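The values are calculated or read from the model by the stated rules, or taken from the named source; none is laboratory data. Source: prediction; values computed, not measured. A quick note on method: Cβ atoms are made from the backbone with ideal geometry, for glycine too, and the neighbour counts reach across all protein chains shown. Only protein heavy atoms, including side chains, enter the accessible area calculation; ligands, DNA and RNA are left aside. Shrake-Rupley method; radii C 1.70, N 1.55, O 1.52, S 1.80 Å.
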Amino acid sequence: MELRIENQPFAGIETGALIVPAFEKDAPRDSGLLKEINGATGGWIDEIYASGEFAGKSAEIAVLHRPQGFRARRLALIGCGKPDRFSTAELRRAAGAAVRALKAKSVREMALALEAPWAGDDWAAAAVEGALAGEFDPDRYKTGEEEKKRVEVFALAGAASEAALERGRILGEAQNFARELANEPGNRLTPGVLAGRARALAAEAGLECEVLDQDRMRQLGMGALLGVAQGSAEPPYLILVRYRPPSVAEGAPHLALIGKGVTFDTGGISIKPSERMEEMKYDMSGGAAVLAAIGALARLKPAIPVTAFVPAVENMPGGKAQRPGDIVRTLAGKTVEVLNTDAEGRLILIDTITYAKQLGATHLVDVATLTGAIAVALGGVNVGVFSNHEEFQNRLLAAAREAGEKMWPMPVDEEYKEQLKSAFADLPNIGTRYGGAITAALFLKEFAEETPWIHLDIAGTAWLSESKPFLAKGPSGVAVRTLIRLAMEFKAN
Ligand code: BES
Ligand code: MN
Ligand code: ZN
C-alpha cells in the first residue's frame, strides 16, 4: 500500500474515496468540511443524520457517489463516536474501519481528511497505523483466480508531515509483520524457519542476529527449554537479534524483549483437545512481536541497546517427549518438576530470562501467549500485565495507552506462591486452576529475581476469532506498538 500526503484543498483531491470523520448525532456540523459537503451536495449530511441512516457511531460508514463540488469519486463518512471521547486511539480504529469497508467495495485509492484539532503528527501517524493494520488480511494461502482486493493508495489530507507518515508506516508495517508470522501454520514455520526469518529481518534492518542451536544450549545448561523441545523432530533454536545505538553511555539501561516462540503447541504428552488446536500455530505470537518490534527499532533508533530473544521450539508428544513428573535443571540452577507438559511456555521463558540477565540486560519484558486463564480473566480485550517493578510497569502502561493497545495490571503477590510447591524439586511448573495466569507469572518472576521485569500475557488478545470493523479475523499483532514506544522512551542515562 502506497502512503502519501495530499496538500490540495479537500474538494480538489482526486481519489476513489475521500474519507471524512463524522461524529454522533448532536455534534456540531456547522463548520469545516462537513458543512462544506452539506452545502455542496444540497444537504446530504443533514439528510442521512435526520433519516437515521447514519448516526456517527464508531466504524459506521456512509458512501456518496459522484459528490457535487468534489473531485473525489466518492465521499465516505466514517463514524467516530462522541467527539469529546475522540482520541488518537479512536482515529486509528476509524481509519482501519474505513479502509476495510472501502476495500470490501473494491475501492483501491483513498484519502483521509484530517481537520484541526485532529490534524498534526500524532493524529497522522495513528491514522497511518490504523490504515495499514486495517488493510491486512491473512489470506496469503488463498489461490482463487479472482484478483485479490488490495488498497493501492492511502493518502493523508490536511496537515501532516512526512516524518509522521513515516513513523506511522514503521509501526503499522511492524504490526503486520508480526501478524504475517503468527499466521504461518506449524508446517511452514518451524523453529528453524523462524530463525531464518529473524536472520533475514536482521540483515535487512542492519541488525546483528545470533542463533544458538541445541548443542550450544546443552553446553550452557538450558534444561527447561530443551526439555520442551525434545518431543519434536524439529530442533529448537534460541534466536537473538541485537540493536545497538551508535554509542552506549556508561551505565546505560539495556532492554531485553523476550518473546515466546512455540511454533506449534500440541500440549505434548499432556495433549490438548483437538477442538481449536489448529489455533496453536499462534503460540509464537510473542516471539513475532519482539522480532517485529526490534525491526522497527532499527529504523527509529532508540537511545539504548535493545536485544530481542526468541526461544523457538515445537511442543510435540513424540517418543522422546518429556513426561509429566520429569525434573529438569534450569540455566539458573533451580530444578523444576514438569507436572504438565502443556505449561511449556514458562519453561522456555525462564531459561531465556536467565540468559538475558547473564548477557547484561537491566530491564526485561517478556511477551507470551502463556495461559488460557488470562482470557478467562480479561477476555479478548486487555493484555494482562504483570511486573515486579511498579515504576517500570507504569511506563509500559503509559506506552500502551499512547499506542492504543489495551493492557491491564494484574497482581503478583507472594500469597499466590503457596500454589508453587513441589515435593520433589524446587518448583512445579503449574499451580491450581485458580488464578492460573497469576501463578504462571509468579513462576517467571522467580527467575527475573530482582531485575525490573514485565510479563505480558497475550493469550487472549493475540488472535481474533472474529473480525472487528478495523481488524481482520486472525492474528492481531498486539504488543508490537507498545514495545516500540516503550523502547523509544528510555533515556541513555
Ligand atoms: N499456549 C498455551 C496457552 C494458550 C491457551 C494460548 C489458549 C492461547 C489460547 C499454553 O502453553 C498452555 O497450554 N497453557 C496451559 C497451562 C496449564 C496447563 C496450566 C493452559 O492455559 O491451559
Ligand atoms: Mn501449552
Ligand atoms: Zn503454549
Q: For the range 275-292, name all the residues that are within 19 Å of G196 (Cβ to Cβ) and among the aliphatic types (A, V, I, L, M).
A: M284, A288, A289, V290, L291, A292
Q | Hits in the range 348-373 (condition: within 13 Å of ligand 2 (Cβ to nearest atom) and either assigned to a helix (DSSP H, G or I) or not assigned by TED's automatic domain parsing to the domain that holds L331 (or both)) | A | I348, L349, G372, A373
Q.
List the residue pairs whose Cβ atoms are under 9 Å apart, where the first residue sits in the range 297-323 and is not assigned by TED's automatic domain parsing to the domain that holds K272 and within 16 Å of ligand 2 (Cβ to nearest atom), the second is among the hydrophobic types (A, V, I, L, M, F, W, C) and assigned to a loop (DSSP other than H, G, I, E, B), and the two are 6 or more positions apart or on different chains.
A. none
Q. Of the residues V328, V336, V290, which is modelled with pLDDT of 95 or more, buried (at least 24 other Cβ atoms within 10 Å of the Cβ), part of a strand (DSSP E or B) and not small (G, A, S)?
A. V336
Q. Pick from the range 410-458 the residues that are touching a His at 6+ places or on another chain (Cβ under 8 Å) and part of a loop (DSSP other than H, G, I, E, B): which of them is farthest from T88 (Cα to Cα)?
A. T451
Q: May I ask you to say which residue of L225, L240, L255, L194 is closer than 30 Å to A89 by Cβ and either modelled with pLDDT of 95 or more or of a type in the set (S, T, N, Q) (or both)?
A: L255
(Q) Regarding the range 342-353, can at least one residue be identified that is within 19 Å of G287 (Cβ to Cβ), open to solvent by 40 Å² or more (accessible area, probe 1.4 Å) and of a type in the set (A, V, I, L, M, F, W, C)? (A) no
**Q.** Residues located in the range 390-409, provided they are outside any helix (DSSP H, G or I) and either surrounded by fewer than 17 Cβ atoms within 10 Å (Cβ to Cβ) or free of Cβ contacts under 8 Å to residues at least 40 places away in the same chain (or both)
**A.** K406, W408, P409
Q. Among the residues of the range 307-325, is any open to solvent by 30 Å² or more (accessible area, probe 1.4 Å), farther than 28 Å from A423 by Cα and either in contact with a strand residue (DSSP E or B) (Cβ under 7 Å, 6 or more places away or on another chain) or away from ligand 3 (no atom under 16 Å from the Cβ) (or both)?
A. no
(Q) Out of A200, A233, I need the residue that is without any contact (Cβ under 8 Å) to a residue 12 or more places away in the chain, surrounded by fewer than 17 Cβ atoms within 10 Å (Cβ to Cβ) and not acidic (D, E). Which one? (A) A200
Q | Residue selected from the range 246-278 under the condition within 16 Å of ligand 1 (Cβ to nearest atom) and of a type in the set (A, V, I, L, M, F, W, C), by the criterion most open to solvent (accessible area, probe 1.4 Å) | A | I271
Q) Looking at the range 243-287, which of its residues are within 15 Å of ligand 3 (Cβ to nearest atom), part of a loop (DSSP other than H, G, I, E, B) and without any contact (Cβ under 8 Å) to a residue 12 or more places away in the chain? A) P273, R276
**Q.** Any pair with Cβ under 8 angstrom, 6 or more apart, that starts in the range 18-35 at a residue that is over 14 Å from S58 (Cβ atoms) and ends at one that is open to solvent by less than 100 Å² (accessible area, probe 1.4 Å) and among the polar types (S, T, N, Q)
**A.** R29/N38
Q | Near pairs, Cβ below 6 angstrom, 6+ apart or cross-chain, from the range 181-197 (open to solvent by less than 40 Å² (accessible area, probe 1.4 Å)) to any residue that is among the basic types (K, R) and in a helix (DSSP H, G or I) | A | P185/K281; G186/K281
Q: Search the range 440-462 for residues being within 8 Å of ligand 1 (Cβ to nearest atom) and buried (at least 24 other Cβ atoms within 10 Å of the Cβ), and hand back the single one that is nearest to A400 (Cα to Cα).
A: A462
Q: Could you check, for the range 75-85, whether at least one of its residues is touching a Lys or Arg at 6+ places or on another chain (Cβ under 7 Å) and touching a residue at least 24 places away in the same chain (Cβ under 8 Å)?
A: yes
Q.
Restricting to the range 1-33, count the residues that are in a helix (DSSP H, G or I), open to solvent by 20 Å² or more (accessible area, probe 1.4 Å) and under 20 Å from K82 (Cβ atoms).
A. 1
(Q) I'm told R323 meets every condition in (1) farther than 30 Å from N176 by Cα; (2) of a type in the set (K, R); (3) part of a helix (DSSP H, G or I) except one. Can you identify the failing condition by its number? (A) (3)
